[in-house]
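Undergrad: Here's a structure for you.
The values are calculated or read from the model by the stated rules, or taken from the named source; none is laboratory data. Because the structure is predicted, anything quoted here is derived from the model rather than measured. SASA here: full protein model, heavy atoms, side chains in, ligands and nucleic acids out. Shrake-Rupley method; radii C 1.70, N 1.55, O 1.52, S 1.80 Å.
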Amino acid sequence: MKKLLGWLVLCLGVVTFVAWLAFTLSPALQDAVFAAGARRQLARQSQLPTSDDALRVLLCGTSSPLPVRQSAKACALVVAGGRFFIVDIGPESTKNLAIWRIPATRVEAVFLTHFHSDHIGALGDLNMQLWAQGRSRPLDVYGPTGVDRVVAGFNLAYSFDRDYRHALHSHGGDMLPLAAAVMIPHPADFVKPGDVPSGRTQVVYDQGGVVVTAIEADHRPVSPAFAYRFDYKGHSVVITGDTVFNAGLARAAKGADVLVSEAQAHHLQNVMASEAAAIGQTTLASVLKDTSRYHISPVDAARLANQAGVRDLVYTHIAPPLVFGFLKTPWLRGVNEVRPHGVTIGRDGMLITIPLDGSAVRFSQLDG
Ligand SMILES: [Zn+2]
Ligand SMILES: [Zn+2]
(Lines give C-alpha, C1' and ligand atoms only; values in the text may rest on other atoms or scores of the structure.)
(Ligands and ions follow the chains in the order given, each with its own letter.)
Protein backbone atom coordinates (compact mmCIF):
# COMPACT_ATOMS: atom_id res chain seq x y z
CA MET A 1 0.00 0.00 0.00
CA LYS A 2 2.81 2.31 1.01
CA LYS A 3 4.67 1.42 -2.20
CA LEU A 4 1.59 2.12 -4.34
CA LEU A 5 1.17 5.51 -2.72
CA GLY A 6 4.81 6.28 -3.45
CA TRP A 7 4.30 5.41 -7.13
CA LEU A 8 1.20 7.57 -7.31
CA VAL A 9 3.02 10.58 -5.85
CA LEU A 10 5.90 10.01 -8.30
CA CYS A 11 3.50 9.79 -11.28
CA LEU A 12 1.70 12.96 -10.20
CA GLY A 13 5.04 14.74 -9.89
CA VAL A 14 6.08 13.64 -13.38
CA VAL A 15 2.75 14.73 -14.93
CA THR A 16 2.97 18.13 -13.21
CA PHE A 17 6.55 18.59 -14.37
CA VAL A 18 5.71 17.68 -17.98
CA ALA A 19 2.71 20.06 -17.97
CA TRP A 20 4.84 22.88 -16.55
CA LEU A 21 7.57 22.19 -19.13
CA ALA A 22 5.06 22.17 -22.01
CA PHE A 23 3.49 25.45 -20.76
CA THR A 24 6.92 27.08 -20.42
CA LEU A 25 8.11 26.02 -23.89
CA SER A 26 4.91 26.44 -25.92
CA PRO A 27 3.59 29.96 -26.68
CA ALA A 28 0.52 28.34 -28.28
CA LEU A 29 -0.34 26.52 -25.04
CA GLN A 30 0.25 29.70 -23.02
CA ASP A 31 -2.16 31.61 -25.29
CA ALA A 32 -4.77 28.87 -25.12
CA VAL A 33 -4.69 28.83 -21.31
CA PHE A 34 -4.84 32.63 -21.19
CA ALA A 35 -7.74 32.74 -23.69
CA ALA A 36 -9.76 30.27 -21.63
CA GLY A 37 -9.24 32.35 -18.49
CA ALA A 38 -9.96 35.65 -20.25
CA ARG A 39 -13.20 34.39 -21.78
CA ARG A 40 -14.35 33.15 -18.40
CA GLN A 41 -13.58 36.49 -16.79
CA LEU A 42 -15.15 38.59 -19.55
CA ALA A 43 -18.33 36.50 -19.57
CA ARG A 44 -18.92 37.06 -15.88
CA GLN A 45 -22.29 38.69 -15.33
CA SER A 46 -23.16 41.33 -12.79
CA GLN A 47 -23.57 39.79 -9.38
CA LEU A 48 -26.59 42.00 -8.69
CA PRO A 49 -29.86 40.09 -8.94
CA THR A 50 -32.24 41.67 -11.46
CA SER A 51 -34.98 39.08 -11.82
CA ASP A 52 -37.27 40.61 -9.17
CA ASP A 53 -38.45 44.14 -8.46
CA ALA A 54 -37.11 45.33 -5.09
CA LEU A 55 -35.40 48.28 -3.47
CA ARG A 56 -31.77 47.39 -2.89
CA VAL A 57 -28.64 48.92 -1.40
CA LEU A 58 -25.21 47.56 -2.20
CA LEU A 59 -22.44 48.82 0.06
CA CYS A 60 -19.56 49.63 -2.30
CA GLY A 61 -17.40 51.30 0.37
CA THR A 62 -17.71 51.12 4.15
CA SER A 63 -14.51 52.54 5.61
CA SER A 64 -13.75 55.93 7.09
CA PRO A 65 -10.64 57.89 5.97
CA LEU A 66 -8.38 55.54 7.96
CA PRO A 67 -6.94 52.95 5.54
CA VAL A 68 -8.24 49.37 5.58
CA ARG A 69 -7.06 46.94 2.92
CA GLN A 70 -10.40 45.17 2.49
CA SER A 71 -12.66 48.24 2.48
CA ALA A 72 -13.17 51.14 0.09
CA LYS A 73 -14.16 54.61 1.31
CA ALA A 74 -17.75 55.85 1.42
CA CYS A 75 -19.98 54.47 -1.32
CA ALA A 76 -23.52 53.07 -1.53
CA LEU A 77 -25.34 51.93 -4.65
CA VAL A 78 -29.13 52.11 -4.56
CA VAL A 79 -31.04 49.96 -7.04
CA ALA A 80 -34.68 50.77 -7.78
CA GLY A 81 -36.79 49.96 -10.79
CA GLY A 82 -33.80 48.57 -12.68
CA ARG A 83 -31.88 51.82 -12.32
CA PHE A 84 -28.77 52.48 -10.25
CA PHE A 85 -28.02 55.51 -8.09
CA ILE A 86 -24.64 56.02 -6.42
CA VAL A 87 -24.42 57.87 -3.10
CA ASP A 88 -20.84 59.08 -2.58
CA ILE A 89 -17.89 57.68 -4.45
CA GLY A 90 -14.90 57.46 -2.13
CA PRO A 91 -11.44 56.23 -3.15
CA GLU A 92 -11.21 52.53 -4.11
CA SER A 93 -14.98 52.16 -4.51
CA THR A 94 -14.78 52.10 -8.32
CA LYS A 95 -12.66 48.95 -8.08
CA ASN A 96 -15.48 47.23 -6.21
CA LEU A 97 -18.06 48.34 -8.79
CA ALA A 98 -15.88 47.06 -11.63
CA ILE A 99 -15.17 43.71 -9.95
CA TRP A 100 -18.89 43.17 -9.35
CA ARG A 101 -19.63 44.05 -13.01
CA ILE A 102 -22.12 46.78 -12.19
CA PRO A 103 -23.66 47.56 -15.60
CA ALA A 104 -22.48 51.08 -16.38
CA THR A 105 -25.33 51.96 -18.67
CA ARG A 106 -27.82 51.59 -15.84
CA VAL A 107 -26.19 54.20 -13.59
CA GLU A 108 -28.68 57.05 -13.56
CA ALA A 109 -26.92 59.60 -11.35
CA VAL A 110 -24.47 60.24 -8.52
CA PHE A 111 -25.55 61.92 -5.28
CA LEU A 112 -22.84 63.50 -3.13
CA THR A 113 -23.53 64.03 0.57
CA HIS A 114 -20.66 66.50 1.04
CA PHE A 115 -17.22 67.19 -0.36
CA HIS A 116 -14.78 65.49 2.02
CA SER A 117 -12.23 63.54 -0.01
CA ASP A 118 -13.34 60.17 1.38
CA HIS A 119 -16.74 60.80 -0.28
CA ILE A 120 -15.73 62.26 -3.65
CA GLY A 121 -12.19 60.99 -4.33
CA ALA A 122 -13.12 58.48 -7.08
CA LEU A 123 -15.67 60.69 -8.89
CA GLY A 124 -13.38 61.31 -11.85
CA ASP A 125 -12.49 57.63 -12.10
CA LEU A 126 -16.16 56.58 -11.95
CA ASN A 127 -17.07 59.03 -14.70
CA MET A 128 -14.30 57.67 -16.92
CA GLN A 129 -15.28 54.05 -16.21
CA LEU A 130 -18.93 54.63 -17.11
CA TRP A 131 -18.05 56.60 -20.26
CA ALA A 132 -15.51 54.03 -21.44
CA GLN A 133 -18.18 51.33 -21.08
CA GLY A 134 -20.50 53.11 -23.46
CA ARG A 135 -22.47 55.75 -21.58
CA SER A 136 -24.03 57.94 -24.25
CA ARG A 137 -24.80 61.09 -22.25
CA PRO A 138 -23.09 63.17 -19.56
CA LEU A 139 -23.24 61.91 -15.98
CA ASP A 140 -25.60 63.80 -13.64
CA VAL A 141 -24.10 64.65 -10.24
CA TYR A 142 -26.37 65.95 -7.46
CA GLY A 143 -25.14 67.57 -4.27
CA PRO A 144 -25.21 70.55 -1.94
CA THR A 145 -24.23 74.06 -2.99
CA GLY A 146 -20.67 73.80 -4.26
CA VAL A 147 -21.18 70.63 -6.31
CA ASP A 148 -20.80 72.76 -9.45
CA ARG A 149 -17.26 73.70 -8.37
CA VAL A 150 -16.34 70.11 -7.50
CA VAL A 151 -17.68 68.78 -10.81
CA ALA A 152 -15.99 71.56 -12.80
CA GLY A 153 -12.70 70.67 -11.10
CA PHE A 154 -12.99 66.98 -11.98
CA ASN A 155 -14.06 67.80 -15.54
CA LEU A 156 -10.99 70.01 -15.90
CA ALA A 157 -8.60 67.52 -14.30
CA TYR A 158 -9.76 64.76 -16.64
CA SER A 159 -9.79 66.88 -19.83
CA PHE A 160 -6.49 65.41 -21.10
CA ASP A 161 -7.62 61.88 -20.23
CA ARG A 162 -10.87 62.07 -22.23
CA ASP A 163 -9.05 63.66 -25.20
CA TYR A 164 -6.43 60.87 -25.22
CA ARG A 165 -9.06 58.13 -25.06
CA HIS A 166 -11.29 59.75 -27.66
CA ALA A 167 -8.32 60.13 -30.06
CA LEU A 168 -7.43 56.43 -29.77
CA HIS A 169 -10.83 54.79 -29.52
CA SER A 170 -13.32 56.84 -31.52
CA HIS A 171 -11.99 55.63 -34.93
CA GLY A 172 -13.33 58.82 -36.45
CA GLY A 173 -16.87 57.74 -35.57
CA ASP A 174 -19.14 58.07 -32.56
CA MET A 175 -17.40 55.60 -30.23
CA LEU A 176 -16.72 57.31 -26.89
CA PRO A 177 -18.26 60.68 -27.85
CA LEU A 178 -16.56 63.60 -26.13
CA ALA A 179 -19.88 65.29 -25.39
CA ALA A 180 -20.82 62.36 -23.14
CA ALA A 181 -17.51 62.29 -21.26
CA VAL A 182 -18.26 65.10 -18.86
CA MET A 183 -20.36 65.42 -15.72
CA ILE A 184 -23.20 67.88 -15.17
CA PRO A 185 -23.72 69.31 -11.66
CA HIS A 186 -27.15 69.72 -10.04
CA PRO A 187 -26.77 71.81 -6.88
CA ALA A 188 -29.63 71.75 -4.37
CA ASP A 189 -29.44 75.18 -2.80
CA PHE A 190 -32.23 74.96 -0.20
CA VAL A 191 -29.49 74.91 2.47
CA LYS A 192 -26.97 77.73 2.52
CA PRO A 193 -23.41 77.31 3.84
CA GLY A 194 -23.43 78.10 7.57
CA ASP A 195 -27.16 77.43 8.13
CA VAL A 196 -27.95 75.75 11.46
CA PRO A 197 -29.10 72.25 10.45
CA SER A 198 -32.72 71.45 11.24
CA GLY A 199 -33.43 68.49 8.96
CA ARG A 200 -34.97 70.47 6.10
CA THR A 201 -35.67 68.51 2.96
CA GLN A 202 -36.02 68.96 -0.77
CA VAL A 203 -36.91 66.47 -3.50
CA VAL A 204 -33.96 66.54 -5.90
CA TYR A 205 -34.94 63.70 -8.26
CA ASP A 206 -38.35 62.33 -9.20
CA GLN A 207 -38.49 60.05 -12.22
CA GLY A 208 -40.01 56.69 -13.07
CA GLY A 209 -41.37 56.13 -9.57
CA VAL A 210 -38.06 56.82 -7.81
CA VAL A 211 -38.06 59.87 -5.55
CA VAL A 212 -34.80 61.07 -4.01
CA THR A 213 -34.99 63.60 -1.20
CA ALA A 214 -31.98 65.53 0.08
CA ILE A 215 -32.06 65.94 3.86
CA GLU A 216 -30.03 68.51 5.73
CA ALA A 217 -27.49 66.70 7.94
CA ASP A 218 -25.25 68.14 10.67
CA HIS A 219 -21.58 67.67 9.84
CA ARG A 220 -20.46 71.15 10.88
CA PRO A 221 -18.14 72.87 10.12
CA VAL A 222 -18.81 71.01 6.86
CA SER A 223 -21.86 72.90 5.61
CA PRO A 224 -24.12 72.15 3.86
CA ALA A 225 -24.07 68.36 4.21
CA PHE A 226 -26.86 66.04 3.10
CA ALA A 227 -28.36 62.68 3.85
CA TYR A 228 -30.50 61.15 1.10
CA ARG A 229 -33.80 59.32 1.22
CA PHE A 230 -34.83 57.04 -1.64
CA ASP A 231 -38.53 56.20 -1.95
CA TYR A 232 -39.72 53.54 -4.38
CA LYS A 233 -43.14 51.86 -4.52
CA GLY A 234 -43.97 52.50 -0.87
CA HIS A 235 -40.56 51.50 0.51
CA SER A 236 -37.57 53.60 1.42
CA VAL A 237 -33.98 53.75 2.53
CA VAL A 238 -32.09 56.65 4.10
CA ILE A 239 -28.31 57.07 3.78
CA THR A 240 -26.92 59.55 6.28
CA GLY A 241 -23.62 60.69 4.80
CA ASP A 242 -21.59 62.13 7.69
CA THR A 243 -23.53 63.68 10.56
CA VAL A 244 -24.05 63.91 14.27
CA PHE A 245 -27.37 63.00 15.88
CA ASN A 246 -30.03 65.39 14.72
CA ALA A 247 -33.76 65.31 15.55
CA GLY A 248 -34.60 66.84 12.17
CA LEU A 249 -32.78 64.02 10.41
CA ALA A 250 -34.75 61.48 12.47
CA ARG A 251 -37.99 63.19 11.39
CA ALA A 252 -36.99 63.13 7.74
CA ALA A 253 -36.05 59.44 8.00
CA LYS A 254 -39.40 58.56 9.59
CA GLY A 255 -40.79 55.21 8.57
CA ALA A 256 -37.93 54.21 6.28
CA ASP A 257 -37.32 50.48 5.98
CA VAL A 258 -33.56 50.78 6.33
CA LEU A 259 -31.27 53.45 7.74
CA VAL A 260 -27.68 53.20 6.49
CA SER A 261 -25.81 55.32 9.00
CA GLU A 262 -22.21 56.27 9.32
CA ALA A 263 -20.77 55.66 12.79
CA GLN A 264 -17.61 56.24 14.75
CA ALA A 265 -16.96 54.62 18.13
CA HIS A 266 -15.61 57.71 19.83
CA HIS A 267 -14.37 55.74 22.86
CA LEU A 268 -12.08 53.67 20.60
CA GLN A 269 -11.10 56.64 18.45
CA ASN A 270 -9.99 58.43 21.62
CA VAL A 271 -7.88 55.43 22.64
CA MET A 272 -6.18 55.63 19.23
CA ALA A 273 -5.62 59.34 19.72
CA SER A 274 -3.99 58.72 23.12
CA GLU A 275 -1.75 56.01 21.68
CA ALA A 276 -0.73 58.30 18.81
CA ALA A 277 0.11 61.05 21.29
CA ALA A 278 2.09 58.61 23.45
CA ILE A 279 4.43 57.80 20.54
CA GLY A 280 4.84 61.43 19.55
CA GLN A 281 2.41 61.58 16.60
CA THR A 282 0.82 64.77 17.85
CA THR A 283 -0.80 65.93 14.59
CA LEU A 284 -2.50 62.56 14.07
CA ALA A 285 -3.57 62.48 17.73
CA SER A 286 -5.18 65.89 17.40
CA VAL A 287 -6.94 65.03 14.12
CA LEU A 288 -8.28 61.75 15.54
CA LYS A 289 -9.70 63.56 18.57
CA ASP A 290 -11.36 66.27 16.47
CA THR A 291 -13.39 63.77 14.45
CA SER A 292 -15.66 62.93 17.39
CA ARG A 293 -17.16 66.42 17.08
CA TYR A 294 -18.82 65.77 13.72
CA HIS A 295 -19.49 62.04 13.53
CA ILE A 296 -22.29 60.04 15.10
CA SER A 297 -21.55 57.23 17.57
CA PRO A 298 -22.99 53.71 17.10
CA VAL A 299 -25.24 54.32 20.13
CA ASP A 300 -26.53 57.65 18.79
CA ALA A 301 -27.11 56.09 15.38
CA ALA A 302 -29.21 53.44 17.17
CA ARG A 303 -31.19 56.23 18.86
CA LEU A 304 -31.63 57.90 15.48
CA ALA A 305 -32.91 54.62 14.00
CA ASN A 306 -35.35 54.19 16.92
CA GLN A 307 -36.68 57.74 16.66
CA ALA A 308 -37.15 57.32 12.92
CA GLY A 309 -38.86 53.96 13.51
CA VAL A 310 -36.83 52.15 10.86
CA ARG A 311 -36.89 48.35 10.59
CA ASP A 312 -33.14 47.90 10.11
CA LEU A 313 -30.08 49.94 10.95
CA VAL A 314 -26.91 49.24 8.96
CA TYR A 315 -23.63 50.84 9.99
CA THR A 316 -21.18 52.10 7.41
CA HIS A 317 -18.20 54.52 7.27
CA ILE A 318 -16.90 52.38 10.15
CA ALA A 319 -14.41 54.14 12.42
CA PRO A 320 -12.05 53.09 13.77
CA PRO A 321 -11.59 50.18 11.33
CA LEU A 322 -12.71 46.74 12.58
CA VAL A 323 -9.62 44.90 11.39
CA PHE A 324 -10.41 41.95 13.67
CA GLY A 325 -13.89 40.49 14.12
CA PHE A 326 -13.65 40.52 17.91
CA LEU A 327 -13.43 44.32 17.84
CA LYS A 328 -17.15 44.43 17.04
CA THR A 329 -17.87 43.92 20.74
CA PRO A 330 -16.14 47.09 22.01
CA TRP A 331 -17.27 48.98 18.87
CA LEU A 332 -20.94 48.20 19.60
CA ARG A 333 -20.61 48.93 23.33
CA GLY A 334 -23.93 50.30 24.64
CA VAL A 335 -25.91 49.67 21.43
CA ASN A 336 -27.72 46.61 22.73
CA GLU A 337 -29.25 48.61 25.59
CA VAL A 338 -30.68 51.13 23.12
CA ARG A 339 -31.59 48.84 20.23
CA PRO A 340 -31.36 45.08 20.86
CA HIS A 341 -32.52 44.06 17.36
CA GLY A 342 -32.27 45.26 13.77
CA VAL A 343 -28.61 46.27 13.91
CA THR A 344 -26.02 45.19 11.32
CA ILE A 345 -22.43 46.25 10.78
CA GLY A 346 -21.96 46.84 7.05
CA ARG A 347 -19.04 45.64 4.98
CA ASP A 348 -18.03 46.04 1.35
CA GLY A 349 -20.18 43.86 -0.87
CA MET A 350 -23.13 43.65 1.52
CA LEU A 351 -26.35 43.61 -0.48
CA ILE A 352 -29.46 44.77 1.39
CA THR A 353 -32.72 43.77 -0.28
CA ILE A 354 -36.00 45.40 0.74
CA PRO A 355 -38.76 43.25 -0.79
CA LEU A 356 -41.74 45.24 -2.04
CA ASP A 357 -44.23 42.82 -0.44
CA GLY A 358 -43.27 44.02 3.04
CA SER A 359 -41.47 40.82 4.04
CA ALA A 360 -38.26 40.94 6.07
CA VAL A 361 -35.20 42.80 4.80
CA ARG A 362 -32.63 40.33 3.42
CA PHE A 363 -28.86 40.53 3.66
CA SER A 364 -26.42 38.79 1.34
CA GLN A 365 -22.80 39.22 0.27
CA LEU A 366 -21.28 39.66 -3.18
CA ASP A 367 -18.04 37.79 -3.94
CA GLY A 368 -14.62 39.26 -4.17
ZN1 LIG B 1 -17.15 64.06 6.17
ZN1 LIG C 1 -16.48 60.75 5.72
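Undergrad: Ordering Phe23, Phe160, Phe111 from largest to smallest accessible area (1.4 angstrom probe), what's the sequence?
TA: Result of the area sort, largest leading: Phe160, Phe23, Phe111.
Undergrad: Below 18 Å, Cα to Cα, which lysines can Lys3 reach? Residues fewer than 8 away in the same chain don't count.
TA: none
Undergrad: Which percent of the accessible heavy-atom area of the chain goes to carbon and sulfur, probe 1.4 angstrom?
TA: Carbon and sulfur atoms account for 61 percent of the accessible area of the chain.
Undergrad: May I pose another question? Past 27 Å, Cα to Cα: identify those pairs from Lys95/Lys254; Lys289/Lys328; Lys95/Lys192; Lys95/Lys233, in the order given.
TA: Correct reply: Lys95/Lys254; Lys95/Lys192; Lys95/Lys233.
Undergrad: For the chain, with every protein chain kept in place, what is the accessible area per residue (1.4 Å probe, Å²)?
TA: Per-residue accessible area for the chain comes out at 48 Å².
Undergrad: Which values of log₁₀ I(q)/I(0), to two decimal places, follow from the Debye formula for the chain at q = 0.12 Å⁻¹ with a uniform point scatterer at every Cα?
TA: -0.90
Undergrad: Sticking with this structure for a sec: Take every Cα pair under 8 Å in the range 252-368 that's 6+ residues apart, average their separations, divide by the length, and report that relative contact order as a whole percent.
TA: 30
Undergrad: How far, in degrees from 0 to 90, does helix 147-157 lean away from the longest principal axis of the Cα atoms of the chain, to the nearest 10?
TA: Once rounded, the angle reads 30 degrees.
Undergrad: Rounded if a/c is under 1.5, else prolate if a/b beats b/c, else oblate: with a ≥ b ≥ c from the C-alpha gyration tensor eigenvalues square-rooted, which is the range 64-171?
TA: Rounded is the answer for the range 64-171, as its axis ratio a/c remains below 1.5.
Undergrad: Can you tell me the orientation of helix 123-132 relative to the chain, as the angle in degrees between its alpha-carbon axis and the longest Cα principal axis, to the nearest 10?
TA: So the helix axis and the longest Cα principal axis differ by about 50 degrees.
Undergrad: Can you tell me the relative contact order of the chain? Whole percent, Cα pairs under 8 Å, sequence separation 6 or more.
TA: 15 percent.
Undergrad: Enter the accessible area of Cys11 (Å², nearest 10), with the probe set to 1.4 Å and all protein chains included.
TA: Using a 1.4 Å probe on the heavy atoms, I get roughly 70 Å².
Undergrad: When only Cα pairs under 8 Å and 6 or more residues apart are kept, what is the percent relative contact order across the range 255-324?
TA: Across the range 255-324, relative contact order equals 55 percent.
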